[in-house]
Structure formats: C-alpha cells, structure tokens
1. In the range A:133-142, which residues are in contact (Cβ under 8 Å) with a residue 60 or more places away in the chain and facing chain B (nearest Cβ under 8 Å)?
2. Looking only at the range A:341-349, decide whether some residue is assigned to a strand (DSSP E or B) and touching a strand residue (DSSP E or B) at 6+ places or on another chain (Cβ under 6 Å).
3. Considering B:216, B:273, which residue is more than 14 Å from chain A (Cβ to nearest Cβ), part of a loop (DSSP other than H, G, I, E, B) and in contact with a Phe, Trp or Tyr (Cβ under 9 Å, 6 or more places away or on another chain)?
4. Output the residues belonging to the range B:343-362 that are within 11 Å of residue B:299 (Cα to Cα) and at pLDDT 90 or above.
5. Within the range B:368-381, can one find any residue that is in a loop (DSSP other than H, G, I, E, B), open to solvent by 60 Å² or more (accessible area, probe 1.4 Å) and hydroxyl-bearing (Ser, Thr, Tyr)?
6. For the range B:382-395, give me the residue count where each residue is farther than 22 Å from residue B:326 by Cα and either of a type in the set (A, V, I, L, M) or part of a helix (DSSP H, G or I) (or both).
7. Are any residues in the range B:131-146 in a helix (DSSP H, G or I) and within 19 Å of residue B:267 (Cβ to Cβ), and if so, which ones?
8. From the list B:88, B:66, B:103, pick out the single residue that is open to solvent by 10 Å² or more (accessible area, probe 1.4 Å), closer than 25 Å to residue B:38 by Cβ and not aromatic (Phe, Trp, Tyr).
2 protein chains.
Amino acid sequence: MDALHTSSGLTMTGSAKRPHVVIVGAGFGGMNAAKALKDAPVDVTIIDRNNHHLFQPLLYQVATAVLSPADISAPIRHILRKQKNTKVLLAEVTGIDRDQQQVLTADRAIPYDYLIVATGASHSYFGNDQWAPFAPGLKTVNDATSLRRKILLAFEEAEHETDPDRQRSLLTFILIGAGPTGVEMAGAIAELSHAALASDFRNIDPKAARIILVEALPRILPAFDEKLAKKAQDGLHNLGVEVRTSSPVQDINESGVVIAGQQIEAGTVIWTAGVSASPAGKWLGAEQDRAGRAKVDEYLNLPGYANIFIVGDTASATQAGKPVPGIAPAAMQGGIYAASVIADRVSGKLNSHPFRYHNRGNLATVGRSYGIADLGKVKFSGFLAWVFWIVAHVFFLIGFRNRFLVLFQSFWGYITFQRNARLITHDYAAVVSPKPRERELQPS
Amino acid sequence: MDALHTSSGLTMTGSAKRPHVVIVGAGFGGMNAAKALKDAPVDVTIIDRNNHHLFQPLLYQVATAVLSPADISAPIRHILRKQKNTKVLLAEVTGIDRDQQQVLTADRAIPYDYLIVATGASHSYFGNDQWAPFAPGLKTVNDATSLRRKILLAFEEAEHETDPDRQRSLLTFILIGAGPTGVEMAGAIAELSHAALASDFRNIDPKAARIILVEALPRILPAFDEKLAKKAQDGLHNLGVEVRTSSPVQDINESGVVIAGQQIEAGTVIWTAGVSASPAGKWLGAEQDRAGRAKVDEYLNLPGYANIFIVGDTASATQAGKPVPGIAPAAMQGGIYAASVIADRVSGKLNSHPFRYHNRGNLATVGRSYGIADLGKVKFSGFLAWVFWIVAHVFFLIGFRNRFLVLFQSFWGYITFQRNARLITHDYAAVVSPKPRERELQPS
C-alpha cells in the first residue's frame with residue numbers, strides 16, 4: 001500500500017500508518033461493512049449523501065401513511081458513534097479515480113487503500129424513461145413522502161370532484177410490478193382506502209377505490225414458491241386488490257396505463273418493477289450488466305483490482321451460475337464479506353475464501369395480518385407468517401427506539417386500522433436556504 | 001338568513017334549509033369551533049390549506065429532531081369524521097366577499113350564513129423583512145423541517161471545516177426573542193449539542209457549541225411572573241445557554257447578528273420574536289392593529305357584522321382594556337365562544353353574553369427536566385412543573401395515538417438524551433408533480 005494515501009487529513013491522529021478503507025454508501029451493504037471493520041487495524045471513512053441509514057424495506061409504509069420517515073431511519077453517525085476508527089462524511093460522491101486511488105466529491109479527493117462501493121440502485125423504466133413523471137418509484141425518503149402526498153391528495157381531489165368519470169379515475173391506483181414491494185404496497189393502499197379513510201369523506205366512498213396490481217409475468221412474487229405466491233394472491237383478492245398477471249405495460253401517460261391495448265384511467269400510478277444500479281459501475285469503468293450493475297469476481301472485487309469491492313445492488317455477482325439477488329440480506333452479507341477479506345489482507349492472510357451468499361428465505365406481507373414465509377424447506381402463510389415478518393424486520397432495524405416504535409405502530413395499526421402519518425406536506429418556497437452549504441467548504 | 005346562501009352545493013343532502021357555518025382555518029380556534037357546533041342545527045364547512053391540524057406549541061421539538069411532524073399532527077377529516085353535519089375542504093382561501101357573504105378560493109365561491117375566521121398568524125420582522133432569509137421563524141411543518149435540516153447541517157459542515165473561525169461560527173446558534181418558544185428552543189438546541197450529539201463527531205466537539213438567546217426587553221418570558229422567569233433563566237444558564245437581555249437586534253445578515261454595535265458570527269439564527277396576523281383582516285376590510293390583527297367587538301364580531309366572527313391570533317380582542325393574548329388557550333376559548341353564539345342565534349336566542357377570556361396560566365420548559373408553571377395564585381418550578389407541562393400538552397393533543405407517542409418520546413428522551421428524528425431531508429427536484437392538482441378541478 002502506498003503510504004501517501006494513508007497520510008491524508010482524513011485519517012485518525014496517531015494512526016497515520018494504518019490502511020485507509022473508504023466505504024461509499026451507508027445502506028445495508030456499507031453499514032454492515034463499516035461495523036464489521038470495528039476491530040480491524042484500519043481507519044474507516046464512510047461516505048453517504050444522506051445523514052441517515054434508511055430501512056428501505058419499510059419505505060412503502062411511509063408512502064402509505066403508516067410510519068414517519070424518522071421511524072425507519074437512524075443517523076449514520078449515531079450508529080457508528082462508538083466506533084473510534086470510523087469517520088462519517090456527508091457528501092455526494094461524483095466519481096472514483098481508480099489509478100490515483102481516490103474517491104472524488106465536489107470539493108475534495110479522498111485517498112483510499114481499500115474501497116468498498118455500496119451505492120445501491122434506483123428505479124429503472126426498462127428504457128421508457130418518459131414514464132418516470134407519471135409512475136414514480138420508491139427508493140428514497142423523498143420518494144416516499146411525495147407518494148404519500150400524491151395518494152392522500154387523490155382522495156382530497158376526488159372529494160371535490162363533480163365529474164363521476166374523473167372521480168373514478170382519481171380513486172384508481174395502479175401498481176406496476178408484483179414483487180414484494182408491489183404486493184405489500186397494494187395491500188397497504190387497499191387497507192388505507194377500504195378501512196382507514198372509510199368514514200372521513202362526505203362526497204366519496206373511499207371503499208370504492210380500485211387498486212390494480214399489474215405484472216408482466218404469469219404470476220406474482222416470482223422469487224417465492226408458487227403455492228405461497230398463490231396464497232398471497234388470494235390474500236390480495238380478499239383485500240379487494242385486482243391482480244392482473246401476464247399483463248405487460250404498453251404505455252404510461254398522464255391519465256393512466258395502457259395494458260393489452262386498453263387504457264385504464266388512473267390518478268395514481270406507482271412503479272414497483274425494475275431497479276437499475278447507481279452510476280458506480282461507470283465511475284469504476286467496470287463491465288456492466290443490462291441493469292447497469294458492475295460485474296464482480298468471486299471475491300466481490302472489480303476484476304483486476306484486489307482492493308476494490310462492490311457489494312449489494314450495485315454489483316452483479318453470480319454464484320453457481322445464478323445471480324445473487326438484489327435484496328437487503330445479500331447486501332449485508334456482501335458488506336460483511338468484503339470487510340472480512342480486507343481484515344484478512346491487512347493482517348497478512350491472502351487466501352480468503354470466495355463470497356458465498358446464504359439465502360435465508362423470503363418474506364412478504366399482504367395487508368395487516370396476513371403474510372407468507374418461504375424459508376426453503378419450511379414454508380408457511382397466514383397470521384403467523386405476518387408476525388414472523390414483523391419480528392424479522394424489527395430485528396434488523398438498527399437501534400432500539402426504531403425497533404420499539406415499528407413494533408408498536410404495527411400492532412397499533414392492526415388493532416385500530418388507522419394511519420398515523422397522514423400528513424400532506426407541501427414544498428413552499430422556503431424562507432430558509434434549503435441547500436446544504438457544503439459547496440462553500442474549502443478543500444482540506 | 002338568505003335562503004340562497006344555504007342551498008349551495010356544499011350543504012348536506014336533506015338539510016338544505018339549515019344555516020351554513022363556514023370556518024376558515026383548522027388551528028386551535030377553528031377546530032374547537034367546529035367541534036362545538038357538533039350538535040347545533042347547522043351545516044359546517046371547515047376550510048384549511050393543510051390536511052392536518054398541527055399542535056404548534058410542540059413544533060420546536062420537530063425543529064430540534066425530537067419528534068416527527070406526524071407525531072404532532074392529525075388529519076382534520078379524521079378528527080371530525082363522526083361529525084355528520086361537518087365537511088372538510090382542503091383549499092387555499094384567497095379572499096372574503098362580505099357583501100355577497102362568500103368565502104373565495106382559486107376555483108369557487110363558498111356562500112356562508114355565519115363565518116368564523118381563524119387563520120392564525122405568521123412571523124413578523126417588525127418592518128425588517130430583509131432579515132427573513134437569515135433568521136427563519138417557526139410556524140409550519142415546513143418551517144420546522146427546514147430548521148431541523150439547517151441545525152443538523154451546521155454540525156455536519158463544522159465537522160468538514162478546517163478554518164477555526166468558520167467552525168466556531170457554524171457552531172453558534174442565536175435565537176431572537178425570549179418568549180416561551182425562544183426559551184424552549186434554546187434549551188432543546190443546548191441539549192442536542194451538549195448531550196445528544198456529544199460523541200458522534202470526530203473533528204469537532206458539539207459540546208463547544210454556543211447557544212445565545214437574545215431579548216430586547218430587560219427580562220425573559222415577559223408573560224410570566226418575574227421570579228419564575230429568573231428561575232428559567234438560571235435553568236438556561238445551567239444548560240450552557242447565554243442569555244442576553246436588554247439587547248435589541250440592530251441587524252441580521254448572512255454571517256450573523258449585530259447587537260450593541262457588535263457583530264456576532266453565527267451559522268444559524270432563528271427568529272422566535274414577533275408574529276403578525278394572516279391577511280384575513282385585509283380580506284374583511286377590517287380595522288387592524290399594528291400586528292395586522294383585525295379589531296373585533298366584545299362578541300368577537302367584525303364590527304357591524306353580527307354573522308362574522310374572528311378568533312385566535314387573527315383577532316385583536318381586548319378585555320377590561322387589556323389585550324387577549326395570542327396563545328392557544330385563547331384561540332380555543334374564542335372558537336368555542338363563537339360557536340356558542342351561533343348556536344344561540346340559530347335557536348332564536350339573541351342576547352349572548354360577551355366573550356370572556358379565562359387565563360388558566362402559563363407554562364414553559366427549560367430542557368429535559370425543568371419547567372416553570374405560573375397558574376396565577378399557584379406558581380412552581382422544577383421537575384414537577386416539567387411533568388405538569390408534559391401532561392398539559394399531551395392532554396391537549398388531539399387523538400390518543402399522538403398523546404401516547406409524545407408522552408413516550410418525552411420520557412424516552414429524558415432517559416436517553418437521544419434525538420429520534422435526526423433526519424436531514426433534501427428537496428430533490430421531484431419526479432412526482434409536487435403541487436396539488438386542485439387548480440385543475442372544475443368549479444362545482
């Protein structure tokens with residue numbers, strides 16, 4: 001390792017000789033990598049453009065007014081506050097210089113000895129980016145609060161509306177893509193309209209809202225066992241969700257969605273289908289797959305660069321010829337693995353074993369009391385699977401307070417059918433300067 | 001009453017002959033007026049530009065990352081869902097035509113027989129509106145989340161910063177105006193920096209942050225007993241807040257505040273001083289006081305208009321020659337009073353008694369465990385007064401869930417010194433159209 005790279009202003013006092021590990025992204029992959037490096041003889045800098053780690057699998061509950069953003073977020077600094085070898089940097093990464101071994105932000109270059117890239121993914125419209133304004137996706141807190149506003153305003157507008165056709169359109173919600181997010185969100189919108197809002201309006205009956213879940217494949221939840229997926233579909237049916245499988249979307253426009261040559265008028269269309277990787281693959285000059293993920297070798301290394309690891313949704317990894325899925329547990333395992341290889345190499349052990357993804361199973365919920373659990377050998381559905389889903393999710397939420405609140409709110413919502421975060425917030429022209437002053441900072 | 005006005009499209013089916021009461025504003029005044037009309041033989045329409053009632057006295061806890069916006073908000077529709085004579089309208093009022101007896105929005109005119117105006121207040125810079133961009137105030141959810149972002153980003157920027165002067169400036173917080181909001185917010189920022197953030201940074205020591213509370217008058221909390229105010233000031237001192245009384249602000253600029261001819265550099269300046277009334281006084285062509293409040297008679301009527309009531313911060317009411325204060329209890333009492341007079345008149349009773357404001361006392365907290373209570377004859381301070389403050393505030397929060405959460409979070413914060421809503425959210429250019437489609441609605 002080049003000593004120059006470790007003597008930057010960013011390394012810790014008294015440890016200028018320790019290798020510097022830079023982690024880009026504080027999602028499941030990056031956070032777990034950082035935590036796994038706690039006792040390693042390295043200095044760690046973790047960079048994220050947000051100050052918080054986000055528990056993305058519950059983001060749909062923010063979009064459907066069940067939880068507040070802070071309920072599923074925790075400050076990155078706070079999670080890592082006791083980890084003295086680790087610094088947190090709030091900054092937007094703009095590139096990576098793999099020859100100079102530097103991560104670039106708007107105002108500085110951060111040298112690294114080892115690099116872990118864990119920048120996640122955003123939604124992909126499969127080449128139809130013109131659909132984006134009509135069918136927003138769900139990846140960030142802002143996506144979620146925007147969607148929440150859109151969904152709640154649809155009911156408000158329908159209440160005003162006097163044209164019955166337009167009213168019907170406003171009360172139609174279409175979700176495109178029947179993976180776990182689409183299924184869970186469809187159930188949540190069904191319960192919002194059929195239960196939580198049931199008695200709040202005077203001119204409309206929210207129970208009349210149509211929720212349509214559209215899927216191009218012949219079945220929902222392709223990652224699950226087929227029988228379980230069928231049960232989930234029955235569960236959705238019981239909640240009043242219309243499921244349309246084998247229905248590829250032909251067009252999305254301002255007033256709805258075209259399927260099988262027919263336009264369905266809908267005030268709200270939500271994209272729960274594809275994701276595409278962050279630009280990290282481009283930054284690294286990596287070979288990318290169709291979704292923009294950077295291809296990695298069996299050590300999660302960028303081929304030819306034993307000190308650059310790519311984990312989670314940013315990476316295209318394969319195992320026994322099959323792709324490692326782009327889900328939270330795979331990102332966590334990847335982050336922990338990369339950290340262990342770095343710890344090995346720093347302590348002179350060079351023959352690390354390749355990455356092995358362990359599939360611990362798949363879980364999904366359908367509404368407030370029904371779930372499915374596909375744990376490989378064990379498969380079950382119903383109330384027990386729903387409780388299992390809650391416990392598993394709460395267990396992974398970082399920080400006690402979040403665990404408690406999510407659990408409490410889930411049960412409270414179960415008891416009362418209410419939504420606690422039905423807040424329509426507007427972006428007024430802010431009196432406060434809304435942009436971070438980061439760019440005013442001088443390079444150190 | 002003119003029958004034409006009650007036969008609008010907005011009145012309830014089967015009750016076209018009942019007088020129509022329109023309430024503008026769903027704050028403490030408007031909500032309490034609506035609830036008090038529950039059993040009156042009238043149809044009620046309550047109009048607000050937000051979908052939620054906001055518990056404004058706790059807004060500073062959102063700005064200081066203790067609570068989430070949804071914790072202190074409840075959907076107006078939900079609160080009034082069982083009140084069958086009442087409709088809720090999400091719309092921005094643009095004017096009032098008192099001759100035609102109509103409330104005007106962008107796309108319609110809503111006729112009324114009785115009108116209650118309860119549109120509240122926003123901050124006033126006493127003629128120095130050029131200070132607004134440098135010293136934001138705190139009246140809406142957006143104000144609070146903007147301030148939260150500004151405060152949390154100040155620490156992030158200081159962590160990056162290498163110039164010690166600029167670092168010191170970033171860690172200086174000035175609050176202008178030592179009423180309850182200024183005192184409570186100063187205490188909350190002091191605890192945020194001296195306790196909650198204490199171990200989260202590597203380059204800065206958040207404990208070194210300066211919090212300065214500036215007041216033009218010779219003492220803080222002028223509405224309180226002088227001895228109690230002194231105790232609060234001691235409490236602030238113990239928390240490390242610098243209190244500067246008899247210090248009128250001469251200027252506020254991009255880099256700080258000028259007091260006594262001297263510039264104090266500060267990255268964050270917060271306006272907790274004056275308020276000015278909403279434009280309702282202008283809409284009504286009313287005589288206004290210096291703060292823009294509409295002068296009302298002893299029945300809270302616009303003089304000459306026995307069917308127009310103005311309550312809460314929008315009104316300039318006097319009692320025994322003294323002004324009724326612009327605080328939540330006065331607004332609540334005003335709203336209930338206006339409703340009772342309307343109920344009287346509708347049932348033929350024309351000799352209502354004049355409005356009488358009952359001062360039930362003043363409460364304030366200083367940090368996480370110290371409060372002062374000025375209940376007239378009874379005055380006390382310390383931990384007991386803090387508990388009393390919590391109970392009183394939680395009691396007034398509408399809806400059980402909010403009550404529970406605020407109580408839980410207050411005690412949890414007390415135990416752990418942590419902040420649970422440390423979320424810096426950015427306003428990215430939204431993929432979703434962020435503006436309500438209200439203007440697309442056709443007039444009914």
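1. A:136, A:137, A:140, A:141
2. no
3. The conditions single out B:273.
4. Answer for the range B:343-362, where residues must be within 11 Å of residue B:299 (Cα to Cα) and at pLDDT 90 or above: B:353, B:354, B:355, B:356.
5. So far as the range B:368-381 goes, no, none of its residues is in a loop (DSSP other than H, G, I, E, B), open to solvent by 60 Å² or more (accessible area, probe 1.4 Å) and hydroxyl-bearing (Ser, Thr, Tyr).
6. 5
7. Listed by number, the residues that qualify are B:131, B:143, B:144, B:145, B:146.
8. B:88
The values are calculated or read from the model by the stated rules, or taken from the named source; none is laboratory data. Being a predicted model, the structure only gives us computed values, none of them experimental. Every residue, glycine among them, receives a Cβ derived from its backbone with ideal geometry; neighbour counts consider all protein chains shown. These accessible areas exclude ligands, DNA and RNA; they are computed on the full protein's heavy atoms, side chains included. Shrake-Rupley method; radii C 1.70, N 1.55, O 1.52, S 1.80 Å.
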